[in-house]
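**Q** Here it is, the structure in full.
The values are calculated or read from the model by the stated rules, or taken from the named source; none is laboratory data. Since the model is a prediction, treat every value here as computed from it, not as a measurement. Neighbour counts are summed over all protein chains in view; Cβ atoms, including those assigned to glycine, are modelled from backbone coordinates with ideal geometry.
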């Protein structure tokens with residue numbers, strides 16, 4: 001990651017910053033290779049101190065020492081037996097830090113107050129900063145793409161295995177548990193978000209939570225799932241039916257699939273996230289369901305399951321090669337249910353490369 | 001929870017605050033009954049606005065509407081289709097809020113900056129506040145104690161089931177996965193923290209992460225696990241041996257158990273957390289292992305697996321009836337391994353009530 005560190009350090013110098021505290025766990029992993037996860041934002045497994053020049057630090061406690069030394073190549077692993085602020089006070093002096101940035105979007109207000117007190121005492125200027133590392137994470141390296149692709153492959157294998165065993169009478173919760181157990185059995189670190197299984201009318205809520213309702217023949221069942229493998233996430237949605245789908249369900253799935261294919265056809269470097277959203281959305285609008293597609297078309301995926309770039313009306317920026325996004329149009333009809341289809345793709349110079357191979361309930365013939 | 005709300009409202013009036021934003025997820029659940037969990041601190045499922053007088057609000061988005069209305073009795077469920085700050089701006093005016101407190105310990109610095117901007121514009125004073133709701137959560141009601149006890153019972157059943165199937169050659173990771181799968185099979189919401197299985201030398205780290213190392217006959221194996229049931233957590237540690245433990249292991253387990261029993265004997269309302277820690281620690285110190293017990297004796301358990309009160313040298317406050325704590329002394333010897341034993345108890349007027357019944361590897365005879 002020397003190249004990435006160089007870019008961060010140039011970013012710091014440009015802003016006349018002496019150092020940056022990296023608290024966001026995926027940013028920490030991205031820059032250092034340290035894979036530990038945090039129990040919560042208040043119980044961190046470590047914080048990076050990136051200097052504008054010189055070898056960066058990984059500050060952690062004794063529990064993580066061996067793991068940190070093995071994983072964080074090129075970092076000085078330094079322990080804080082008497083707490084983070086005691087160590088930071090020492091480093092502010094020894095490293096002559098006068099302007100210190102911190103990740104405002106992953107820093108508790110109460111911690112910032114403690115930091116501020118220390119900074120005033122040491123005459124250090126604190127600078128809230130957001131998105132510097134996330135910006136670098138947008139375009140994935142070949143190695144990152146390989147990991148994301150491996151996560152997508154595993155996701156599809158897990159989905160297909162559980163889909164084969166789907167039976168009427170299983171509850172939404174039960175199906176979600178089966179999916180999450182299968183992820184672990186296949187070797188995933190775990191789900192990348194809480195699995196959604198929403199059958200019949202429950203599917204009308206885009207982010208439904210699995211209930212004790214049993215799934216039935218003939219109704220659309222939305223399965224939205226993701227897993228994490230070697231740090232990287234997958235995210236995939238299928239809408240399936242047990243038994244024979246009726247004509248309305250088939251028509252809905254075909255319409256959403258057309259919107260998805262239109263989105264992929266528009267996806268390439270140089271167009272904006274907004275433009276891709278527009279193209280796919282207009283397919284659904286023209287069929288008269290525009291009011292029933294209430295979320296954006298897609299989002300970036302990487303170390304976080306939700307990251308930049310957004311495929312939404314708010315993102316006017318041009319997409320760049322190596323970005324990885326979901327394309328996930330949906331239609332939600334209160335009382336009836338919903339259909340959502342989600343695949344992932346890599347943005348390329350002249351188009352995109354779709355990462356999914358699974359075609360379960362994607363390309364239905366008219367009935 | 002009317003009684004609890006009354007106490008919060010009195011606390012607000014005493015501080016001349018017009019309202020409090022509750023963002024900490026367990027505080028939100030405690031006050032409102034709303035059981036949704038947050039994807040992350042940046043993606044909340046809802047925020048409470050508790051007024052110093054009048055009916056409190058649960059602010060959420062459309063995905064959670066039905067669940068919020070069903071669960072949050074006595075709250076006005078109000079949606080923010082255009083974002084939290086748009087709704088808050090309106091409520092600051094309609095509810096005549098001039099001094100607004102927020103939970104500094106569960107509030108992102110970047111969100112506080114946005115709030116601050118709104119507050120300046122509306123001439124509202126923002127007041128960082130910490131621990132007001134946590135303070136009320138320290139003493140558990142009879143209903144809460146029943147839930148915690150149910151979580152402990154389930155934890156013991158899960159532990160015993162997996163312990164019966166322990167065999168040399170299983171890896172630490174595999175045992176941890178078995179435990180977490182069994183939690184879900186028994187009906188738990190999930191683990192309350194990442195399960196620790198640390199065999200032989202790995203046990204010398206108090207917070208070891210399970211590895212691919214296979215467990216062996218004769219070595220001490222630390223299993224530290226917890227689950228969440230109906231919102232409430234359990235936390236339990238056993239140190240077990242496959243085959244026959246050697247004399248040293250038996251002696252270590254007996255010593256740690258003596259320290260634990262001394263801790264329980266000292267545990268009652270009116271003594272400080274510090275005093276209980278001292279009593280148990282001195283048993284280990286007198287045996288010459290004081291330097292190898294590097295963490296505090298215990299912590300509170302409730303909606304959070306780690307909450308107040310601490311049984312540690314830093315807690316000078318008197319314990320109160322209805323508090324629930326762990327007592328978990330340990331000895332960690334680099335190169336050899338570790339022993340930790342953890343049970344939970346309710347503090348009572350004249351002593352304590354130990355919640356655990358399981359005695360696996362607790363009361364060993366001398367060999």
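**Q** Quick check: anything in the range A:78-98 closer than 20 Å to residue A:304 by Cα and crowded, with 16+ Cβ neighbours inside 10 Å?
**A** Quick first cut of the range A:78-98, residues closer than 20 Å to residue A:304 by Cα only: none.
No, there is no match, as no residue in the range A:78-98 is closer than 20 Å to residue A:304 by Cα and crowded, with 16+ Cβ neighbours inside 10 Å.
**Q** I would also like to ask the following. Quick test of your reading of the structure: residue B:49 fulfils all but one of (1) assigned to a strand (DSSP E or B); (2) surrounded by fewer than 20 Cβ atoms within 10 Å (Cβ to Cβ). Name the failing condition by number.
**A** Going through (1) assigned to a strand (DSSP E or B); (2) surrounded by fewer than 20 Cβ atoms within 10 Å (Cβ to Cβ) one by one, residue B:49 breaks only (2).
**Q** May I pose another question? Select, from B:152, B:86, the only residue that is free of Cβ contacts under 8 Å to residues at least 24 places away in the same chain, outside any strand (DSSP E or B) and more than 14 Å from chain A (Cβ to nearest Cβ). Give the steps one after another, and end with the answer.
**A** Details: B:152 fails: free of Cβ contacts under 8 Å to residues at least 24 places away in the same chain.
Exactly one of B:152, B:86 is free of Cβ contacts under 8 Å to residues at least 24 places away in the same chain, outside any strand (DSSP E or B) and more than 14 Å from chain A (Cβ to nearest Cβ), namely B:86.
Table: residues versus (1) in contact with a helix residue (DSSP H, G or I) (Cβ under 9 Å, 6 or more places away or on another chain); (2) under 20 Å from residue B:342 (Cα atoms); (3) without any contact (Cβ under 8 Å) to a residue 40 or more places away in the chain.
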| position | (1), (2), (3) |
| --- | --- |
| B:184 | yes, no, yes |
| B:191 | yes, yes, yes |
| B:200 | no, yes, no |
| B:203 | no, yes, no |
| B:215 | yes, no, no |
| B:218 | yes, no, yes |
| B:221 | yes, yes, no |
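**Q** I would also like to ask the following. Listed residues A:346, A:327; which is in the same structural domain as residue A:198 (by TED's automatic domain parsing) and over 19 Å from residue A:239 (Cα atoms)? Don't jump to the end; show me each part of the working.
**A** Numbers: A:327 fails: over 19 Å from residue A:239 (Cα atoms).
Testing whether each residue is in the same structural domain as residue A:198 (by TED's automatic domain parsing) and over 19 Å from residue A:239 (Cα atoms) leaves just A:346.
**Q** Let me ask something else about it. Count, please, the residues in the range A:269-298 that happen to be touching a residue at least 60 places away in the same chain (Cβ under 8 Å) and not in a loop (DSSP other than H, G, I, E, B).
**A** Within the range A:269-298, residues that are touching a residue at least 60 places away in the same chain (Cβ under 8 Å) and not in a loop (DSSP other than H, G, I, E, B) number 0.
**Q** As an exercise: evaluate residue B:34 against (1) more than 14 Å from chain A (Cβ to nearest Cβ); (2) assigned to a loop (DSSP other than H, G, I, E, B); (3) surrounded by 22 or more Cβ atoms within 10 Å (Cβ to Cβ) and give the number of the one condition it does not meet.
**A** Condition (1) is where residue B:34 drops out.
**Q** Kindly list, by first and then second residue, each pair from a residue in the range A:91-108 that is farther than 17 Å from residue A:120 by Cα and within 8 Å of chain B (Cβ to nearest Cβ) to a residue that is at pLDDT below 95 and outside any loop (DSSP other than H, G, I, E, B), limited to pairs with Cβ atoms under 6 Å and residues at least 6 apart or on different chains.
**A** Short answer, once both residue conditions are applied: none.
**Q** Restricted to the range A:112-128, and to residues that are part of a helix (DSSP H, G or I) and facing chain B (nearest Cβ under 8 Å), which residue is surrounded by the fewest Cβ atoms within 10 Å (Cβ to Cβ)?
**A** Initial filter on the range A:112-128 (part of a helix (DSSP H, G or I)): A:112-122.
Next, from what is left, pick out any that are facing chain B (nearest Cβ under 8 Å): A:112-113.
Values: A:112: 23, A:113: 15.
Checking each candidate, the answer is A:113.
**Q** Among the candidates A:146, A:142, A:151, A:157, which residue alone is surrounded by fewer than 17 Cβ atoms within 10 Å (Cβ to Cβ), within 18 Å of residue A:224 (Cβ to Cβ) and under 22 Å from the mean Cα position of the chain (by Cα)?
**A** Values: A:146 fails: within 18 Å of residue A:224 (Cβ to Cβ); A:142 fails: within 18 Å of residue A:224 (Cβ to Cβ); A:151 fails: surrounded by fewer than 17 Cβ atoms within 10 Å (Cβ to Cβ).
Step by step, each of A:146, A:142, A:151, A:157 is checked, and only A:157 is surrounded by fewer than 17 Cβ atoms within 10 Å (Cβ to Cβ), within 18 Å of residue A:224 (Cβ to Cβ) and under 22 Å from the mean Cα position of the chain (by Cα).
**Q** In the set A:24, A:53, which member is in contact with a helix residue (DSSP H, G or I) (Cβ under 8 Å, 6 or more places away or on another chain), under 23 Å from residue A:95 (Cα atoms) and within 14 Å of chain B (Cβ to nearest Cβ)? Quick ask: steps written out before the conclusion?
**A** On the way: A:53 fails: within 14 Å of chain B (Cβ to nearest Cβ).
Criteria check complete, one pass: A:24.
**Q** Is it the case that the range B:354-366 has a residue that's in contact with a strand residue (DSSP E or B) (Cβ under 6 Å, 6 or more places away or on another chain) and not in a loop (DSSP other than H, G, I, E, B)? Even if it seems obvious, please write down each step before you answer.
**A** We begin by selecting, within the range B:354-366, every residue in contact with a strand residue (DSSP E or B) (Cβ under 6 Å, 6 or more places away or on another chain); these are B:354-356, B:360-361.
From what is left, the residues that are not in a loop (DSSP other than H, G, I, E, B) are B:354.
Checked against the condition, which is being in contact with a strand residue (DSSP E or B) (Cβ under 6 Å, 6 or more places away or on another chain) and not in a loop (DSSP other than H, G, I, E, B), the range B:354-366 yields at least one hit.
**Q** Same structure again: On the basis of being without any contact (Cβ under 8 Å) to a residue 60 or more places away in the chain and under 25 Å from residue A:301 (Cβ atoms), does residue A:32 make the cut? Outline the logic, then answer.
**A** Working: without any contact (Cβ under 8 Å) to a residue 60 or more places away in the chain: yes; under 25 Å from residue A:301 (Cβ atoms): yes.
For residue A:32, the condition - without any contact (Cβ under 8 Å) to a residue 60 or more places away in the chain and under 25 Å from residue A:301 (Cβ atoms) - is met.
**Q** Another one. Can you name every one of the strands (runs of 3 or more DSSP E) wholly within the range B:161-268 that holds 2 or more residues which are assigned by TED's automatic domain parsing to the domain that holds residue B:30, at pLDDT 95 or above and crowded, with 22+ Cβ neighbours inside 10 Å? First the steps, then the outcome.
**A** Values: elements: B:196-199, B:221-225, B:227-229, B:236-240.
Counting at least 2 such residues, we get no strands (runs of 3 or more DSSP E) at all.
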